[in-house]
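In what follows, a single structure is set out as C-alpha cells and then discussed.
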Amino acid sequence: MDDIALGLERLLAERGVSRRTFLKFSVAMAATLMLPPIVGTKIARALSAAKRIPVIWIEGQDCCGNTESFLRASHPTVSELVLGILSVDYHETIMAAAGTAAESARTATMQAFPNGYIAVVEGAIPLADGGIYCTVGGKAFSSIVKDVCGGALATIAVGSCAFDGGLPRANGGPTGATGVSAVVPSAKVINLPGCPMNVQNLTATIVHYLTFGEFPATDSYGRPLFAYGQLIHDQCERRAHFDAGRYVQEWGDAGHRQGWCLYRMGCKGPETFSNCPTAMFNDATSWPVKAGHGCVGCTMPDFWDQMTPFYGRLAHVPGFPMDVTADQVGLALVTGVAGLTALHAGASYVRHKGEERRTPTPEGGTGGGVVPAAAAGGGTSPASSTDTNGSGSEQAV
Amino acid sequence: MAEMTSPALQAVALEAAAESGSEAPLTEEEGSLLATQLPWQRVRVYVWEVPVRITHWAAVITVMILTVTGAYIADPFVVPATDFVMQTMRFIHMVAAYVFLASGVLRTYWLFAGNEFSNWRAFIPTTRRHWAEFRGQTAWYLFLRRDLPPILGHNALAAGTYMVIFFLFLTQTITGFALESVHGGLAAQLWGWLPALIGISTVRIVHHLIMWVILAFMIHHVYSAIMVDHWERNGLMSSIFAGYKFVTRRDIQNARDGGMEVQERSN
C-alpha cells in the first residue's frame, strides 16, 4: 500500500485519467469550497504531493446510505484515488476481512498512527442501557466511538444520524441515540449532516485538509460553512416563482409541470442550510427540488421531528390527534370564543331585563346610570369594605 | 365640611351623610349645593392619554394587516394575477411588524410615564382590594354576582387579560424575528439562538397559534367593550377615540383608581 505515497499523478496515468481531468476535478473542488478557480492549481499541486492518511470508517445505527453516497462519488476515478490517498483501513461494509481479523485491522491502525488518522462515523450512537442496542464484536458502539474518535486527528460525522442521532433518535427513540459530538465532546468533529450527506462535501473537506493543512471553518453546529453556510431558499432555482406567488397546489398539476415553487407542498428550503442547489448530486445532475420534490430539511438538527410533516408547512400541534391541523385548532378556539360570547350576550340581556324590573333607577332621568345607589356607596361591594377606599363620602362620615 | 374645597366633594359628602341616617336637616345652602352638584350626575373624566390611544389603534391596524399577510405567508392559497405577491406580502408583513414593535415600545414606556389608568400599577394586582375586584369581576362575568365595584380605567379582570395579551404580543414579536433570523442580519444575531434551541418548526407553530389566540381575544374584547358601554352608558367605546369617559361623581369617589384628585380635575 505504501506505493500510494509515491504520487497521485503516476496512479492517475496508470488508470488512464488525463491531467486535464484531474485539473477539472481540482477546480470543481475549489468551486465547492467557495474558493476562486485559481486555487484549483494549488489543490492539484497539494494533492499530487499529499501523504497517506489512514481512515477508520465505523458504522453504528445506520442504513449505509452515506457509504452508498461515498461509493458513488462523482468523478469516480479521481475521487476514488483521492479518497484512496486516505487509505480506508477499516470499513465494515466494503472491507474484505471479517470477524477478529477486521477488528484487529482497526486496532492496528489506531496503534500505528496515534492522533494521525481520520475517523469517519456513520450512524447514530445509542447510549441507553449502557449502549447495548448497538454492539460490534461484542463491544458497545459508544465505547468504540470513544476509543476511535478519542485518538483521531479529526472525526468526520457523516449523515444526520452521526450528526445528532437522526432517525433512531426521532420522536424520543427508545435507544437513547445521539451524535458523535455528544458522545466524545473532546474530539475535533466535522459534521456533514444530510440524509445522506453529499459525497462532494466529504471529498472537499478532505481536499481542504490536504491542501491547507487544516479543516474548513465551521458553523455553531460544526458543519463546514462552504457547504452549510447558505440557505437553500436563497440559492433555489425556483425562488423567482416563490417571490411571484406561483405555487404548486397539488402534485402533478399545471404549476408542478411548469416547475413552480414547492413551498405549499411542504418544501423546507426556506429554513434549511445546505449547498444542494449548487453542488447537487450524482455528478451534479440534479437535487430534490430540481427533480420536483420539496426539500425535507435533512441537514438541519433534529430534522425528523422539526421538519415533519414533509408535505405541509406547519407542524403537528402537541396534544392533538395527528390528523388535526394547527388551523383547525385555531378555528375551533375562535369559534368557541364567539359562541361563548353570543351565549354571554344573551344571558346578560336576560339579567339586565330582570334587574330593571326589580330595581327602579335611582337617578330618575338625570344621570341615566344603572348602578344602584346601594351598590356604589353601600357596604355590599368588596371595594367599599376596605380601608384603601379613600373616598370623599367616607371622610365626610 | 370645612376641609372640603370643591362643591362637588361637598355634595358627595352631603349625600353620604344623608344615606348614613343623619337626622340633621339640610341648610338652604346645602340644599342648593345638592341640587347643582348631584353625586349621581355624570362628568367627563380624562382617562386614555394620547399615547395609549395611538398604541391601541396602531395595534388594531397592524394586527389586522399582520393576520392577513401572515395567513398568506403561512398558506399562499391564491394564484395571483400579478407578479411578486409573496414578496409584497412579506414586505408588508415586515413593515407592519416594525410598526407593531414601535407601538409596543411606546406603550411599554408609557407603563412608567403614563397616568394612573395606563401605569403598570393599573395592571398588576398589588393590593388586596385589586385582587378582590379581580375575583368580583370574574364572578360578575359568570353571572355569580350582580353588582360591580366602580372603576375608571381598566377593571381588574380586563387588566389581567391585557397582561396576558402583552405577553403574547411580546412572544409574537420574538418568534417573528426568530423566524426571520434564517435570513441573517440583526435578527440572526439577536434571535438566532431561539430556533437553535427549540427548533424552527416549534417557533413557527407558536407564532401561528398565537395569531389565533389574538383573534379569539379580539372577539371577546370588542364584545366586552360594547357590552359595558351599552349597560353602563359611560361612553366607553368613545373613550378609546377621544380619551374621555362619563362617570358619576359618586363612582369617581369610590373607584379604586378614582378619588379626590381625579374628581378635582374632572368636570
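The values are calculated or read from the model by the stated rules, or taken from the named source; none is laboratory data. Source: prediction; values computed, not measured. In this analysis, Cβ positions are derived from the backbone assuming ideal geometry, glycine residues included, and neighbour counts consider all displayed protein chains.
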Original post:
Quick one: how many residues across region A:244-258 are surrounded by fewer than 16 Cβ atoms within 10 Å (Cβ to Cβ) and either within 8 Å of chain B (Cβ to nearest Cβ) or closer than 14 Å to A:GLU271 by Cβ (or both)?
Top reply: 1
**OP:** Please note which helices (runs of 4 or more DSSP H) are completely contained in region A:1-72 and include at least 2 residues that are closer than 22 Å to A:PRO224 by Cα.
**Re:** A:19-32, A:39-48, A:65-71
Subject >> Complete set of residues in region A:281-306 that are under 22 Å from A:VAL158 (Cβ atoms), of a type in the set (A, V, I, L, M) and more than 11 Å from every other protein chain (Cβ to nearest Cβ) >> reply: A:ALA284, A:VAL296
Original post:
Would you call A:SER220 among the small types (Gly, Ala, Ser), closer than 30 Å to A:VAL207 by Cα and facing another protein chain (nearest Cβ under 9 Å)?
Top reply: yes
**OP:** Output the qualifying pairs, or none if there are none: Cβ atoms under 6 angstrom, residues six or more apart or on different chains, first residue in region A:307-329 and within 7 Å of chain B (Cβ to nearest Cβ), second residue assigned to a loop (DSSP other than H, G, I, E, B) and charged (D, E, K, R).
**Re:** A:MET307/A:LYS268
Subject >> Which listed residue is in contact with a His (Cβ under 9 Å, 6 or more places away or on another chain) and at pLDDT below 95, from A:THR278, A:THR308, A:THR285 >> reply: A:THR308
**OP:** Take region A:204-231 and flag every residue that is closer than 16 Å to A:CYS298 by Cβ, assigned to a loop (DSSP other than H, G, I, E, B) and of a type in the set (Ser, Thr, Tyr).
**Re:** A:TYR221
**OP:** Would you mind finding the one in B:ILE174, B:ILE198 that is over 18 Å from B:MET94 (Cα atoms) and free of Cβ contacts under 8 Å to residues at least 60 places away in the same chain?
**Re:** B:ILE198
Original post:
Is there a residue in region B:182-190 that is surrounded by 17 or more Cβ atoms within 10 Å (Cβ to Cβ), within 10 Å of chain A (Cβ to nearest Cβ) and without any contact (Cβ under 8 Å) to a residue 60 or more places away in the chain?
Top reply: yes
**OP:** Considering (1) in contact with a Pro (Cβ under 8 Å, 6 or more places away or on another chain); (2) closer than 30 Å to B:THR88 by Cα; (3) within 14 Å of chain B (Cβ to nearest Cβ), say which one A:GLU237 fails and leave the rest.
**Re:** (3)
Subject >> Candidate set: region B:123-140, residues that are in a helix (DSSP H, G or I) and aliphatic (A, V, I, L, M); chosen: the one nearest to B:VAL228 (Cα to Cα) >> reply: B:ALA139
Original post:
Pick from B:PHE169, B:PHE123: which is aromatic (Phe, Trp, Tyr), closer than 26 Å to B:ARG44 by Cβ and buried (at least 18 other Cβ atoms within 10 Å of the Cβ)?
Top reply: B:PHE123
Original post:
Can you find even one residue in region B:83-106 that is modelled with pLDDT under 90, within 14 Å of chain A (Cβ to nearest Cβ), farther than 30 Å from B:ALA178 by Cβ and not in a helix (DSSP H, G or I)?
Top reply: no
Subject >> Selection count where residues are more than 13 Å from B:ARG256 (Cα to Cα) and within 18 Å of the chain's Cα centre (by Cα), scope region B:92-123 >> reply: 19
**OP:** Among the numbered conditions (1) of a type outside the set (Gly, Ala, Ser); (2) facing chain A (nearest Cβ under 10 Å); (3) farther than 30 Å from A:THR272 by Cβ; (4) surrounded by 15 or more Cβ atoms within 10 Å (Cβ to Cβ), tell me where B:HIS154 comes up short.
**Re:** (2)
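Residues are listed down the side, and each one gets a yes or a no for (1) closer than 30 Å to A:ALA49 by Cβ; (2) touching a strand residue (DSSP E or B) at 6+ places or on another chain (Cβ under 7 Å); (3) at pLDDT below 90:
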site	(1), (2), (3)
A:ILE190	yes, yes, no
A:GLN200	yes, no, yes
A:THR203	yes, no, yes
A:LEU210	yes, no, yes
A:HIS233	no, no, no
A:ASP243	no, no, no
**OP:** Have a look at A:ASP305, A:ASP323, A:ASP234, A:ASP283 and point out the one that is surrounded by fewer than 16 Cβ atoms within 10 Å (Cβ to Cβ) and assigned to a helix (DSSP H, G or I).
**Re:** A:ASP234
Original post:
Among the numbered criteria (1) buried (at least 19 other Cβ atoms within 10 Å of the Cβ); (2) away from chain B (no Cβ under 13 Å), which single criterion is violated by A:THR278?
Top reply: (1)
Original post:
In this structure, is B:PHE143 within 13 Å of chain A (Cβ to nearest Cβ), of a type in the set (Phe, Trp, Tyr), outside any helix (DSSP H, G or I) and more than 25 Å from A:ASP234 (Cβ to Cβ)?
Top reply: yes
**OP:** Output the residue which, of all residues in region B:119-140 that are closer than 30 Å to A:ARG357 by Cα and touching a residue at least 24 places away in the same chain (Cβ under 8 Å), is nearest to the other protein chains (Cβ to nearest Cβ).
**Re:** B:GLU133
**OP:** Could you list all residues from region B:219-267 that are at the interface with chain A (Cβ under 10 Å from one of its Cβ atoms) and in a strand (DSSP E or B)?
**Re:** B:PHE246, B:VAL247, B:THR248
